[in-house]
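Take a look at the structure set out below.
The values are calculated or read from the model by the stated rules, or taken from the named source; none is laboratory data. Model, not experiment: these values are computed from the prediction. All Cβ positions, even for glycine, are placed from backbone atoms using ideal geometry, and neighbour counts span all protein chains on display.
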Amino acid sequence: MKILRAYKTELNLNDHQKTACAQHAGAARWAYNWGLARSIAAYEAGEKHPGAITLHKELNVLKKTEIPWMYAVSKTAPQEALRNLDRAFANFFRRAKLKKAGKHKGKVGFPKFKSKKKGLGSFQVWGSIHVSPGAIQLPRMGRLKLKESGYIPTEGIRILSATVSEKAGRWFVSVQCETVITDPVSTGKAVCGLDLGIKRLAVVSDGSVFENPKALRSRMDQIQHLQRIVSRRKIGSNNRKKASRKLAKAHLKSANIRKNALHQITSHLAKTKSVVMIEDLNVSGMLKNHKLAQAIADVGFFEFKRQLLYKGDWYGCRVMLAGRFYPSSKTCSCCGMVKPELSLGERTFVCEMCGSVMDRDLNAAINLEHLIITTGSSSECEVCGEGLRPPSEMALLGEAETRSQSILV
């Protein structure tokens, strides 16, 4: 089975190489902003929107007269920036069409100009790219050392492109490649239901608990302290730049802790389970609760589902999504009684019909596992109380059909 996979790792650059990477990122950013300004001017003049190919031809003409410094960087960096601009306009036109038809809520999102204030950005190159255990060779930049040796495979892959990005003063490279993996074989692994939460990141129906690292909350005091220091420094001063770099490093550390926890959990589930049932959470709607928005965003519910979906394809784990209105937390996993109300503060589920007492999250996970059994066979559920609605009749979204194959690991 062919898949697209990306390997991201940190670069170990000297000062000359850092300058070259900054030049490439600056050229890509300049080309994007120039193309956006050119597109806006064409719209105001009543002309047709210029595509990436048209803009690239005009840019090649400008290289000879106005921007000869562009010859110092790889031609693919500004070219890919213009393609990104083309995709940004395509997404804008698509959302505008949906907004006009009443099928899109929220902002339409017109493409915005890029600035160095939020970082130097990134650039993408393709062509002659070679990977060795401890280095990578990119066009116009030569051989760049990697901080982690042996992470990017050197055999059995076809390299498509490489994206170099800067975060908090550190440079990273992401290599997108095409590789062939063996088709997963079902080995009779267990099925499970999975309940996601804020207090605990995930509770599995077999009793396993994965704690929430609370990546942002655990470092909030440090981040707030650094943010106050930045706000007190004079705008444009070197001291403000130094304080901004420290703040960016703290945010990057928090993001890395979150990503590591999500990758560890999703990889474990995809390798050890044959079927996983999770809830299709309305994350955007949940974020509108300003009392819980920060805690919900700190968990990364959508990223958890995204990783589990593509890793399920890799390791032969079938991922199913329960409908958003399926009352997994309100339903008793023993008798099937559904509570009309259940507040967030009630962490223990107490059934008034059968008297069972269970952890709220574990009860929800077991209900999701029951939903796999009742929807996976033609027989009716055997544990439903008389006169109660069996789980098989509750809303089920079904197996996820859309899988992301271009993955960052």
**OP:** Return a yes/no flag: does the stretch 160-167 have any residue that is surrounded by fewer than 17 Cβ atoms within 10 Å (Cβ to Cβ), over 30 Å from residue 299 (Cβ atoms), assigned by TED's automatic domain parsing to the domain that holds residue 99 and among the small types (Gly, Ala, Ser).
**Re:** yes
Original post:
Which one of 279, 303 is charged (D, E, K, R), crowded, with 20+ Cβ neighbours inside 10 Å and under 22 Å from residue 364 (Cα atoms)?
Top reply: 279
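For every residue, the table says whether it meets (1) touching a strand residue (DSSP E or B) at 6+ places or on another chain (Cβ under 8 Å); (2) closer than 21 Å to residue 346 by Cα; (3) not assigned by TED's automatic domain parsing to the domain that holds residue 107.
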position	(1), (2), (3)
219	no, no, yes
229	no, no, yes
237	no, no, yes
242	no, no, yes
252	yes, no, yes
275	yes, no, yes
290	no, yes, yes
Original post:
Which of the residues spanning the stretch 45-58 are aliphatic (A, V, I, L, M) and within 15 Å of residue 84 (Cα to Cα)?
Top reply: 52, 53, 55
**OP:** Would you kindly identify the strands (runs of 3 or more DSSP E) lying entirely within the stretch 316-362 that contain at least 2 residues that are closer than 30 Å to residue 183 by Cα and modelled with pLDDT of 85 or more?
**Re:** 318-322
Original post:
Can you tell which of 129, 67 is in the same structural domain as residue 36 (by TED's automatic domain parsing), over 22 Å from residue 167 (Cα atoms) and in contact (Cβ under 8 Å) with a residue 40 or more places away in the chain?
Top reply: 129
Original post:
Looking at the stretch 232-241, which of the residues that are surrounded by 10 or more Cβ atoms within 10 Å (Cβ to Cβ) and more than 16 Å from residue 118 (Cβ to Cβ) is modelled with the lowest pLDDT?
Top reply: 237
**OP:** Looking only at the stretch 260-294, count how many residues are without any contact (Cβ under 8 Å) to a residue 12 or more places away in the chain and among the charged types (D, E, K, R).
**Re:** 2
Original post:
Which residues, taken from the stretch 329-346, are basic (Lys, Arg) and surrounded by fewer than 14 Cβ atoms within 10 Å (Cβ to Cβ)?
Top reply: none
Original post:
Looking at the stretch 134-215, what strands (runs of 3 or more DSSP E) fall wholly within it and have at least 1 residues that are farther than 30 Å from residue 370 by Cβ?
Top reply: 135-138, 142-146, 157-167, 170-180
**OP:** May I ask you to verify whether residue 257 is β-branched (Val, Ile, Thr) and without any contact (Cβ under 8 Å) to a residue 12 or more places away in the chain?
**Re:** no
**OP:** Return the total of residues in the stretch 39-61 being touching a residue at least 12 places away in the same chain (Cβ under 8 Å) and either buried (at least 20 other Cβ atoms within 10 Å of the Cβ) or within 31 Å of the chain's Cα centre (by Cα) (or both).
**Re:** 8
Subject >> Positions within the stretch 50-93 being of a type in the set (Gly, Ala, Ser) and more than 15 Å from residue 35 (Cα to Cα), in sequence order >> reply: 72, 74
